[in-house]
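Here, each number is a calculation from the coordinates, and none is a lab measurement. The structure presented is a predicted model; accordingly, all values stated were derived computationally and were not measured. Neighbour counts are summed over all protein chains in view; Cβ atoms, including those assigned to glycine, are modelled from backbone coordinates with ideal geometry.
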Amino acid sequence: MPGEHRSAKCVRVLLAEDQGMMRGALALLLNLEPDIEVVAQVSRGDAIVDAALLQRPDVALLDIELPGMSGLDAAAALREQAPDCRVLILTTFGRPGYLRRAMEAGAAGFLVKDGPVEELADAVRRVLTGETVIDPALAAAALSAGPNPLTARECDVLKASVDGATVADIAAELHLSESTVRNYLSSAIGKTGTRNRMEAMREARQQGWL
């Protein structure tokens, strides 16, 4: 078995992925590497920090869209609570906005899932040495896309607009007046170049701003 021939200094990896088949496949492939060992697997974002504190991984390999807490929010939490753990974001969605948010959260790398496993294993090793590893095409796209034009509050009201929430619903959830909510929504619609708040929310998600 691969584990019988591991290096005494193998890289300990925490893997966060909500799709069971993908999580199992990634763990299997990484465990085939003689110097890498997956020591924890979680399916929820809100389980990442507890697993990291328990298992003390060297690298946390995180998906972005996870139940309970996003991988980006978990990356920021790890920076505070497990600062020795390097974070590598691995996602299906190579969106420039996600890359910027990942770097702001303290991630050491950002890769998309359609790359070869050899590149992933190499990225795990590289971030552990202090390198920053970013998918080249995504890095170029992020530079050309520019920063997120939305303020934090504009992002909040767009997030609260899901499932047909009314202005009154959003105002109650965010503890704002209805007129303030309308102002934020109007500003977000203008900045995204869309016609209504649902289009604005979709555009913001597509860009990785939410």
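A few comments on the model shown:
- Taking the empirical scaling 2.2 N^0.38 Å for compact globular proteins as reference, region 16-78 has a Cα radius of gyration ratio of 1.05.
- Scalar couplings 3J(HN,Hα) for region 188-193, obtained by applying the Karplus form with A = 6.51, B = -1.76, C = 1.60 to θ = phi - 60°, are 5, 5, x, 5, 8, x Hz; x denotes Gly and Pro.
- In region 11-143, the ratio of gyration radius to Kirkwood radius, Rg to Rh, stands at 0.92 when only Cα atoms are counted.
- The calculated P(r) of region 152-207, using every Cα pair and 10 Å bins from 0, goes 28, 61, 12 in percent.
- Estimated FRET transfer efficiency (Met198, Asp18; beta-carbon r; R0 35 Å; 0.05): 0.90
- For region 164-170, Karplus couplings with θ = phi - 60° (6.51, -1.76, 1.60), whole Hz, Gly/Pro x: x, 4, 7, 4, 5, 4, 5
- Amide H contacts under 5 Å for Val11, placed H, 5+ residues apart: Ile36, Glu37
- Residue range of the chain that is longest and free of trypsin sites (Lys or Arg not before Pro) which are both DSSP loop and sparsely packed (at most 16 other C-beta within 10 Å): 114-194
- Among Gly164, Gly109, Gly97, the largest mean-square fluctuation in a Gaussian network model of the chain, built with springs joining Cα atoms closer than 10 Å, belongs to Gly164.
- HN-Hα J in Hz across region 152-158 - Karplus 6.51, -1.76, 1.60, θ = phi - 60°, x for Gly and Pro: 4, 5, 5, 5, 4, 5, 5
- By average C-beta atoms within 10 angstrom, highest first, the peptides 47-60, 168-181: 47-60, 168-181
- Whole-Å distance, taken between Cα centres, linking region 10-35 and region 170-210: 38 Å
- Reachable lysines, given that their alpha-carbon falls under 28 Å from the alpha-carbon of Lys159 and they are not under 8 places away in the same chain: Lys113, Lys191
- For the chain, the longest principal axis of the alpha carbon atoms and the long axis of helix 197-207 meet at an angle near 30°.
- Residues whose placed amide H lies under 5 Å from that of Val42, excluding near-sequence neighbours: Leu15, Ala16, Glu17
- Dipole of region 70-122 [Lys/Arg +1, Asp/Glu -1 at C-beta], most positive-end residue of Gly106, Pro116, Ala82: Gly106
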